Structure formats: C-alpha cells, structure tokens
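We did not get these values from a lab; they are worked out from the coordinates using the rules stated. On a predicted model such as this, the values are computed, not experimentally measured, just so you know. No Cβ is skipped: glycine too gets one built from the backbone with ideal geometry, and neighbour counts run over all protein chains shown.
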Amino acid sequence: ITILGVESSCDDTAAAVVRDSGGRAEILSSVVYGQTGLHAPFGGVVPEIAARAHAEKIDLCVEEALKTAGLSLDSLDAIAVTAGPGLIGGVIAGVMCAKGLAAGSGLPLLGINHLAGHALTPRLTDALDFPYLMLLVSGGHCQFVIVEGPNSFSRLGGTIDDAPGEAFDKTAKLLGLPQPGGPSVESAALGGDPARFDFPRPLLDRPGCDMSFSGLKTALLRARNAVVAEKGGLTEQDRADLAAGFQAAVADVLAEKSRRAISEYIALAPAQPVLAVAGGVAANQTIRGILETVCTNAAVHFVAPPLALCTDNAAMIAWAGIEHFRLGLVDEAELVARPRWPLDPSKRSLIGGGK
Ligand code: ATP
Ligand code: FE
C-alpha cells in the first residue's frame, strides 16, 4: 500500500509518501515547509497568515513529495489528509488540495485526525503492538492516551489549561530568549540551578492524569519580576536558574503523571508494555531523561520516535492513512474540515481546554 499524506493543521505545510509492503513501512519522501519565520514578528502563530501560506505552498509541497518518491498519482493507493483538529483555515487548505487530487485521479480519500497521526507514529518507526500508552506533548496538546487500535483511543487525562510547549514558548518570551521557546529555554537551563526558585508542581495533590501548566507561567512571571525589582534586570545566571527551575517543574509533573498513567495502562495487562512519546516537547533531554527513568522503574519500554517524526509532518498522516486503509476505513461521505476533534469522543465531556 502506498499513500500520499497531506498536513496543514498548524504552522507547517507538509506532504509525504509512505509505502507499506507488508514488512517494515518505508518513508519514500517527507517534505515540510515551516512557517516560523512568517510568524516570528508576532510572537505566535497568526491563523490568517498560516492559512494563506498553506494555500500558497501546498501544491508545491505535494509535487515535491511525489517527485522525491519518484511516483505519480496513479501509482498510489489513496490520499490521506489531516481533517482536524487545528487552525481551520489551514485544515481547509489541505482538505481542498487533497479533494482536488482525489477527484482528479479517482483515488480514495482518507480524512485523518492529526492527533491520531501523532499517536500512531510509533508504529511507523518501531512496529509496536496495540495497546500502548502514548504521551502527546506539544505546542498545542498534552494528553495521555491508550492507543488500542488505528481508530480506537482511550484518553486517560491531559492538561486542563496550557500545553507545555506553549508554556516553554511563553517562558522564553518572558526571559527574552528566542522563539521557539523549547530549545532556547532548554539551552539556557544548561547552566542553571533548578532549585534556586521554588516553582509549583500543579495538580500533583489530585488523583488522576490531569495536568495544569498555566500556574507555572504565573509563578515564572512573579519570580522574574521579583529579580528585576531587586536588581533592575536579569543576569545570564538569573535566566539560567529561572529556565532550569521552570523546566524541572514541567519534567516533574510529566514524570509523576506518567507514573499514574502507566499504572492505569498496566492494569490492561499488555503483553509488551510501552510508553511512547510524540510532540515537540518530547525533544527536551531533561524530560526524555526523566520519562526514561520512570519507564525503567516500571519495567515499561520507552519509545521516542526521531524528532522529525515527533513534530508536525505528513509521513505520520500517510502512515495513519495506511492503517485506516487496511481496515477499509475510507471516507465515502463528504469529508469535512474540523477545528475540534477529540481522539476519544466518548469522553468528550471530560476534555477541558486545548483542542
Ligand atoms: P500541535 O502539534 O499540538 O498542534 P505544534 O505543532 O505547535 O502543536 P509541535 O510542532 O509538536 O507542536 O511542537 C512545537 C512545540 O514544542 C513548541 O512549543 C516548542 O517550544 C516545543 N519544543 C520544541 N523543542 C523543545 C525542547 N527541546 N524542549 C521543550 N519544548 C520544545
Ligand atoms: Fe501536531
């Protein structure tokens, strides 16, 4: 099975071709056009700018993905496209493009949930069996999901307010570090003392896997303002200590909640227990390290796909397309773009904040 994937739900325009010949799946091409530069002056993704840039770049992106793969549309089996959740203008640009390609070629069309794309990535890279536990931790999301099948997810909990990536980005802004904030806060934290400032570990006193990161942001603002009020500005060391303290607090929360998610998951008695991570924040070495330790202690295998497949890309959409295609889950009806689309609709009422 060979599928073209198209992704445009946030600030990356992407297209990829993935082939599954029965054994290990192969990424024949994966093209990503980032928009960071376009949004940089505004300190965050501007939906209108994103939508226009997606519409401008998407055809070129698809063309490049096909060319790199050395394939034309008629040698594909289907087209998979992110149909949500995300910034609706961007999602529409992708869906329109994919619909046009499908109509022109007669290929079946598959509408993929972006979060399912992230959640199924470990099966593309590591050939895992269901069910496995997934921590999706990115700029817009933070949730624990048990992945039971290509179309079956059980959400254990997640953030009730900000996503950690968003908190990293705001922290960078407050400390005067460049965007995206994750990598710059991580490198600033290298020389820092995580114990100098006392940052909260929100919701650890409550049972379950829900998390909160907005209080951490307020705590950081207060700590920074206190230093500025006292000394008139921040030294390199102050920045490093604030960054390290913030990062350690995020890591501790993710670690403790992972322990709880693991015990809920282990109760299902999976043959080979696995915790997999995805999302940009999973690139953080401190966070990776602490999660690895949690897994080692719980005798759970830790899987972290390569970074280019953790952040937004279209190979994960093409792969999710393959998983759906194998089950015959082709979208016969009119495919609609959805700004919101929880992975686990049965628990819709429990989902607070985020997408
Ligand atoms: P989503 O996928 O939820 O729609 P997104 O596309 O913004 O959101 P990703 O591309 O997966 O998310 O990740 C980007 C986020 O990851 C940014 O907030 C960025 O600051 C954060 N990030 C990247 N590298 C690191 C790092 N080393 N440490 C912490 N955070 C990081
Ligand atoms: Fe994403």
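Over the Cα atoms of the chain, the radius of gyration divided by the Kirkwood radius equals 0.98; this is the Rg/Rh ratio. Normalised by residue count, region 194-293 yields a Cα convex hull volume of 109 Å³ per residue.
Relative contact order for the chain using alpha-carbon pairs under 8 Å, separation at least 6, rounded to a whole percent?
Result for the chain is 24 percent.
For the chain, the Cβ-based charge dipole about the Cα centre amounts to some 620 debye (Lys, Arg positive; Asp, Glu negative; other atoms uncharged).
Across region 213-222, rounded Karplus estimates of 3J(HN,Hα) from the backbone phi angles (6.51 cos²θ - 1.76 cosθ + 1.60, θ = phi - 60°) give 10, 6, x, 5, 5, 5, 4, 5, 4, 4 Hz, Gly and Pro being marked x. Among the trypsin sites (Lys or Arg not before Pro) in region 229-258, none is located in a DSSP loop while being surrounded by at most 15 other Cβ atoms within 10 Å of its own Cβ. Residue exposure proxy: ILE112, ILE58, ILE49, ILE290, ordered by other Cβ atoms within 10 angstrom of their Cβ from fewest to most, comes out as ILE49, ILE290, ILE58, ILE112.
Listed values for region 247-253 are Karplus-derived 3J(HN,Hα) couplings in whole Hz (6.51 cos²θ - 1.76 cosθ + 1.60, θ = phi - 60°), namely 4, 5, 5, 4, 4, 4, 5, and x replaces Gly and Pro.
The phi torsions of region 225-234, fed into the Karplus equation with coefficients 6.51, -1.76 and 1.60 and a -60° offset, translate into couplings of 4, 5, 5, 4, 4, 6, 10, x, x, 10 Hz, rounded to whole numbers, with Gly and Pro shown as x. Dipole of region 142-280 computed with +1 at Lys/Arg Cβ and -1 at Asp/Glu Cβ about the Cα centre; of SER258, GLY157, PRO270, farthest Cα towards the positive end is GLY157. In loop segments of region 290-347 as defined by DSSP, the GluC sites (Glu not before Pro) with at most 10 further C-beta atoms inside 10 Å of their C-beta are GLU332, GLU334. Checking the cross-link pairs LYS67/LYS99; LYS170/LYS231; LYS57/LYS170; LYS57/LYS173 against a 24 Å limit on the alpha carbon distance flags LYS57/LYS170; LYS57/LYS173 as lying beyond it. What is the angle, in °, between the Cα long axis of helix 114-125 and the longest principal axis of the Cα atoms in the chain? Nearest 10 is fine, range 0 to 90. Relative to the chain, helix 114-125 is tipped by roughly 80 degrees.
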